[in-house]
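The values are calculated or read from the model by the stated rules, or taken from the named source; none is laboratory data. Note that the structure is predicted; figures quoted are calculated from it, not measured. Because the Cβ atoms are built from the backbone with ideal geometry, glycine has one as well, and the counts that use them run over all protein chains shown. Surface accessibility is based on the protein's heavy atoms, side chains included, excluding ligands, DNA and RNA. Shrake-Rupley method; radii C 1.70, N 1.55, O 1.52, S 1.80 Å.
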Amino acid sequence: RINDILRGSELDHHTAYSAGAALVQLGDLNAGLGWLERAAGTGFPCYPWYERDTLLEPLRRHPGFVQLLSRLRDGHEQARRRAQSSARS
C-alpha cells in the first residue's frame with residue numbers, strides 16, 4: 001500500500017517529506033535524503049522546517065543534507081531580501 005502511494009502520479013511534496021523523514025528514522029539516510037530533495041524541489045523548500053525538524057537529526061552531518069540545507073537557506077534568504085525590498089517600494 002505505501003509503495004502504491006509513493007509510486008503514484010499524485011504524490012505531493014508533503015507526502016515526499018513525510019516519506020523522507022520516515023526513512024531517515026528507519027536508518028535509510030540516503031533514501032530519506034532523496035525524498036527530502038524531492039519535497040524541496042516540488043513545493044516544500046521551507047528552510048526553517050528542515051533545519052528544526054528533530055526527525056531529521058540523524059541526517060545533520062550527512063554531506064548531501066548539508067548541501068540541501070545550504071541551498072534551502074540561500075533560497076530563503078533571497079526570498080526574504082526580495083520581500084523586504086518590495087515592502088520598501
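Hey, what's the chain come to in accessible area per residue, 1.4 Å probe, Å²?
It amounts to 67 Å² per residue over the chain.
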I want to check the label-to-label distance for A83 and L26. Put each point 7 Å from Cα in the C-beta direction and report it in nm to one decimal. 3.5 nm
For the chain, give the percent of accessible area contributed by carbon and sulfur heavy atoms, probe 1.4 Å, rounded to a whole number. 52 percent
Given 16 as the ceiling on other Cβ atoms within 10 Å, longest exposed-site-free region of the chain for trypsin sites (Lys or Arg not before Pro) in DSSP loops: 2-59
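Within the chain, list the GluC sites (Glu not before Pro) lying in a DSSP loop whose Cβ has at most 12 other Cβ atoms in a 10 Å radius.
Answer in residue order: E10.
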Quick one, which of [x] -0.28, -0.45, -0.58; [y] -0.23, -0.39, -0.52; [z] -0.37, -0.52, -0.62 is the actual log10 I(q)/I(0) by the Debye sum over Cα atoms at q = 0.10, 0.13, 0.15 Å⁻¹ calculated for this model? [x]
